[in-house]
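One structure is given here, and the rest of the page talks about it.
The values are calculated or read from the model by the stated rules, or taken from the named source; none is laboratory data. These numbers come from a predicted model, not from an experiment. Positions of Cβ are generated from backbone atoms using ideal geometry, with glycine treated the same way; all protein chains shown enter the neighbour counts.
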Amino acid sequence: CHQTSWGMSARIIGGIIMAHGDNNGLVLPPFIAPTQVMIIPIAAHKGGVAEKARELKNQLGLKFRTDIDESDNTPGWKFAEHEMRGIPLRLELGPRDLENNACVLVRRDNGEKISVSLDGLEETVETLLADITASMYNLAMERRERMTYTAHTFDEMKEIAANKPGFIKAMWCQDPTCELNLKERCDVTSRCMPFDNESVSDICVCCGQKADRLVYWGKAY
């Protein structure tokens, strides 16, 4: 029996928090969020709001991980609490919404609020969760590209590493001595070697010798 352990579980969780979180707390991608939709009844004691909220929980719960906050806390407290927990979609339901056969959906990723009909709500929620997933992915990819730099010489590597957080693309001769030198003098280590092996030059960023392997370098935090 053979096993390997890379500590992936904790690192993946940390990576998700760092990549998507904001000053209000977690922002979780819908497909991994323990709760995808949180229903918040407003003035629950009025006009059958509580009953309708429970009905929506059962209805949406057939397709999505759905919960309802029926605590005695104020709506504002509930909003902040579930934003902090990173729940992708908040459903607000009050007496006026119920009169209009509608509810308010609030996205965690960008804070957008939209009033939608209760008719066809499952399809609306499904579309929004898919859009949230795509939007979060694209935003993370754009940020990664924006924070990836290219170094052709050792001096460029040192300058970028000292002043610009992110990844540095640079060629490496695959000599461990050069990798150790970069770690000691630039405080960076090799993070990965891309499969497509794009070439940004033909010399090693450290020693200046011939190199044909592109490496992404970065600091460990």
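Worth pointing out:
- If the condition is being without any contact (Cβ under 8 Å) to a residue 40 or more places away in the chain and farther than 15 Å from N110 by Cβ, then segment 21-35 contributes I32, P34.
- Here A10, A19 are screened, and the one residue that is exposed (fewer than 13 other Cβ atoms within 10 Å of the Cβ), modelled with pLDDT under 95 and either among the aliphatic types (A, V, I, L, M) or not assigned by TED's automatic domain parsing to the domain that holds L89 (or both) is A10.
- Filter result for A162 (more than 30 Å from L28 (Cβ to Cβ), in contact with a helix residue (DSSP H, G or I) (Cβ under 9 Å, 6 or more places away or on another chain) and free of Cβ contacts under 8 Å to residues at least 40 places away in the same chain): yes
- Extreme residue, farthest from T189 (Cα to Cα), among residues of segment 142-176 that are loosely packed, with under 14 Cβ neighbours inside 10 Å and of a type in the set (D, E, K, R): E142
- The number of residues in segment 48-93 being among the hydrophobic types (A, V, I, L, M, F, W, C), more than 23 Å from M136 (Cβ to Cβ) and either crowded, with 20+ Cβ neighbours inside 10 Å or touching a strand residue (DSSP E or B) at 6+ places or on another chain (Cβ under 9 Å) (or both) comes to 6.
Conditions (1) in a helix (DSSP H, G or I); (2) at pLDDT below 95; (3) aliphatic (A, V, I, L, M), marked per residue:
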position: T133; (1), (2), (3): yes, no, no
position: M136; (1), (2), (3): yes, no, yes
position: L139; (1), (2), (3): yes, no, yes
position: Y149; (1), (2), (3): no, no, no
position: E156; (1), (2), (3): yes, no, no
position: E159; (1), (2), (3): yes, no, no
position: K169; (1), (2), (3): no, no, no
position: K183; (1), (2), (3): yes, no, no
position: N197; (1), (2), (3): no, yes, no
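- Only a single item in (1) modelled with pLDDT of 95 or more; (2) more than 25 Å from the chain's Cα centre (by Cα) is not met by L105, and it is number (2).
- Residue in segment 180-203 that is in contact with a Ser or Thr (Cβ under 7 Å, 6 or more places away or on another chain) and under 30 Å from I39 (Cα atoms) present: no
- E99 fulfils the conditions (1) buried (at least 19 other Cβ atoms within 10 Å of the Cβ); (2) farther than 21 Å from D131 by Cβ except for a single criterion, (1).
- Any hit, segment 57-66, residues being within 14 Å of V104 (Cβ to Cβ) and assigned by TED's automatic domain parsing to the domain that holds M136: no
- When the test is whether a residue is in contact with a helix residue (DSSP H, G or I) (Cβ under 9 Å, 6 or more places away or on another chain), modelled with pLDDT of 95 or more and assigned by TED's automatic domain parsing to the domain that holds E112, V37 passes it.
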